[in-house]
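What follows is a set of notes on a single structure, which appears directly below.
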Amino acid sequence: MKLRTFLPLAAALAAPVSALTVTGSVSGQAPAGTRVGVWSVTAFGQPVEEMISSPLAGGTFSLNIPERAPAARALSALTPQNVNWPGVIDPVAVSGAAQAAELKFYLYQDANGNARRDTSEALREVSVTANRATLFMAWVSADVTVKANKGYVAPLRQGLNAFLVDVGRAVNVEPYRPDLTVHVQLGR
């Protein structure tokens, strides 16, 4: 193997795994003290654990979503019956056995300024988009591929996964690129 070929390969293999960075903007009226948070949710969509949050500053946010596994109570067996993800239309096929948890975005007003959500602070689920596509994130315990109707194919790797899902006549699933700026549109 030539040294020129080996050095870039060695550098890529030695690169540390880091958190996924999501930066974005929010349009609409958000009260003072609003935070944008990423939460692990159950297979039924119930929020379980705040993975990370960031204050909304000047209508923008930046989140470094950790690679760690969500809380055990957010994890469930990844089966065709409990894949209720954006763009998934029956029939659904899962290539292997894995535990999984979907991650969703929420806004909340940090009324007491303690930089975390308290039970008295209401959560508001929001849709995060980039170029017409919805940002979808999931953590899985093993490599697995999920396929569904209209061309949906999501090759998930062990750990944190992020995709842009564009639903039209066909469903297009692309890996999320951290250089994209995402957007949250609040009510009119």
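The values are calculated or read from the model by the stated rules, or taken from the named source; none is laboratory data. Note that the structure is predicted; figures quoted are calculated from it, not measured. These accessible areas exclude ligands, DNA and RNA; they are computed on the full protein's heavy atoms, side chains included. Shrake-Rupley method; radii C 1.70, N 1.55, O 1.52, S 1.80 Å.
Couple of notes before you dig in:
- Shown in residue order for the stretch 151-162 are the 3J(HN,Hα) couplings computed by the Karplus curve 6.51 cos²θ - 1.76 cosθ + 1.60 at θ = phi - 60°: x, 5, 9, 10, x, 8, 9, 3, x, 7, 10, 9 Hz (x for Gly and Pro).
- Only helices enter this figure: runs of n ≥ 4 DSSP H residues, each worth -39500 (n - 2.57), summed and divided by the residues of the chain, yield -2000 deg cm²/dmol at 222 nm to the nearest 500.
- Overall, the accessible surface of the stretch 20-185 at a probe of 1.4 angstrom is composed of carbon and sulfur to the extent of 50 percent.
- Residue of Asn172, Asn131, Asn161 that the Gaussian network model of the chain assigns the largest fluctuation, springs spanning Cα pairs under 10 Å: Asn131
- Compared with the dominant Cα axis of the chain, that is its longest principal axis, helix 3-14 is turned about 40°.
- Centroid-to-centroid separation of the stretch 169-183 and the stretch 68-115 [C-alpha atoms, Å]: 18
- Correct option for mean projected area of the Cα convex hull in nm² [calculated from the coordinates] among (i) 13.3; (ii) 11.8; (iii) 10.2: (i)
- Of Arg124, Arg35, Arg169, the one that fluctuates the most in a GNM where the chain has Cα springs shorter than 10 Å: Arg169
- For the chain, the per residue solvent-accessible surface stands at 54 Å², with DNA, RNA and ligands left out and a 1.4 Å probe.
- What the phi angles of the stretch 134-148 give under the Karplus curve with 6.51, -1.76 and 1.60, with θ = phi - 60°, is a coupling list of 8, 7, 10, 10, 8, 10, 10, 7, 8, 4, 7, 10, 10, 10, 8 Hz, glycine and proline written as x.
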